[in-house]
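**Student:** Structure provided below as structure tokens; questions to follow.
What follows draws every value from the coordinates through simple rules; no lab data is involved. On a predicted model such as this, the values are computed, not experimentally measured, just so you know. Positions of Cβ are generated from backbone atoms using ideal geometry, with glycine treated the same way; all protein chains shown enter the neighbour counts.
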Amino acid sequence: MIPHDAVPALSLWQPWPELILAGRKTVELRSWDTPYRGPLWLHAAKHKDVPLEARFGVFSPPRGAFVGRVELVEITPLDADRWRLWRPRHLADGPYEPGWFGWTLESPERLRRPVAAPGRQKLFRVEPEIVARIVAELPG
């Protein structure tokens with residue numbers, strides 16, 4: 001098991017974190033790969049896209065905060081066939097473009113309360129004092 005303070009974080013625009021935590025989105029699309037597999041802290045960025053949120057029935061979601069944890073189990077390069085097959089899992093509606101990767105996510109776990117903190121691009125390490133606040137909000 002990876003110690004909590006060694007778990008990297010991924011920041012996403014809403015409504016994607018909410019859809020991942022609800023189990024509706026099980027594949028995240030990224031233009032980059034990483035050798036890392038394991039738990040990720042899930043961060044909701046401050047960016048707003050209210051029409052996209054409304055399209056998925058997500059209203060007033062947390063922003064600028066850690067909202068949960070998810071397991072990154074696999075990263076797969078996407079081709080046109082997989083793009084079409086996985087569309088219900090990644091919820092993207094644009095056309096296929098080469099160079100994308102599908103990050104398979106499992107076991108979403110919502111924090112009891114969001115933990116306000118800044119996010120960053122790519123995978124990032126979370127400061128120990130923020131990790132302590134996140135861990136205190138894990139369910140059970």
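**Student:** Specify which residue in the list W103, I130, L10 is farthest towards the positive end of the charge dipole of the range 7-136, using unit charges on the beta carbon of Lys, Arg (+1) and Asp, Glu (-1), about the Cα centre.
**Tutor:** I130
**Student:** In whole Å, how far is the Cα centre of the range 21-40 from that of the range 68-133?
**Tutor:** Each part reduced to its Cα centre gives a spacing of 3 Å.
**Student:** Report, in debye and to the nearest 20, how large the dipole of the range 1-78 comes out about its Cα centre when Lys and Arg carry +1 and Asp and Glu carry -1 on their Cβ.
**Tutor:** For this selection, approximately 220 debye.
**Student:** Step through the residues of the range 86-93 one at a time and calculate ³J(HN,Hα) from phi using the Karplus curve (6.51 cos²θ - 1.76 cosθ + 1.60, θ = phi - 60°), rounding each to whole Hz and writing x for Gly and Pro.
**Tutor:** Along the range 86-93, the couplings run 8, 3, x, 8, 9, 6, 7, 10 Hz.
**Student:** With an 8 Å cut-off on Cα pairs and a minimum separation of 6 or more residues, tell me the relative contact order of the range 7-136 in percent.
**Tutor:** 36
**Student:** So if a site counts as exposed when it's one of the trypsin sites (Lys or Arg not before Pro), its DSSP state isn't H, G, I, E or B, and it has at most 15 other Cβ atoms within 10 Å, what's the longest stretch of the chain without one? Show your work: numbers first, answer last.
**Tutor:** Details: sites that count: R37, K46, K48, R120, K122, R125.
The longest such stretch corresponds to 49-119.
**Student:** Now, a different point. Can you compute the helix-only [θ] at 222 nm over the chain? Use -39500 (n - 2.57) per DSSP H run of at least 4 residues, normalise by all residues, nearest 500 deg cm²/dmol.
**Tutor:** So the helix-based figure for the chain works out to -6000 deg cm²/dmol.
**Student:** Based on Cβ point charges of +1 for Lys and Arg and -1 for Asp and Glu, what charge dipole magnitude is obtained for the range 7-136 about its Cα centre, in debye rounded to the nearest 20?
**Tutor:** Once rounded to the nearest 20, the dipole reads 380 debye.
**Student:** As an exercise, identify the chymotrypsin sites (Phe, Trp or Tyr not before Pro) in the range 60-139 lying in DSSP coil whose Cβ has no more than 16 other Cβ atoms within 10 Å.
**Tutor:** Y96
**Student:** If the reach is capped at under 17 angstrom between alpha carbons, list the aspartates and glutamates near K48, excluding any in the same chain fewer than eight residues apart.
**Tutor:** Once the sequence-local aspartates and glutamates are set aside, what remains near K48 is E18.
**Student:** Please state, rounded to one decimal and in Å, the Kirkwood hydrodynamic radius that the chain gives when every pair of distinct Cα atoms enters the mean of 1/r.
**Tutor:** It works out to 15.4 Å.
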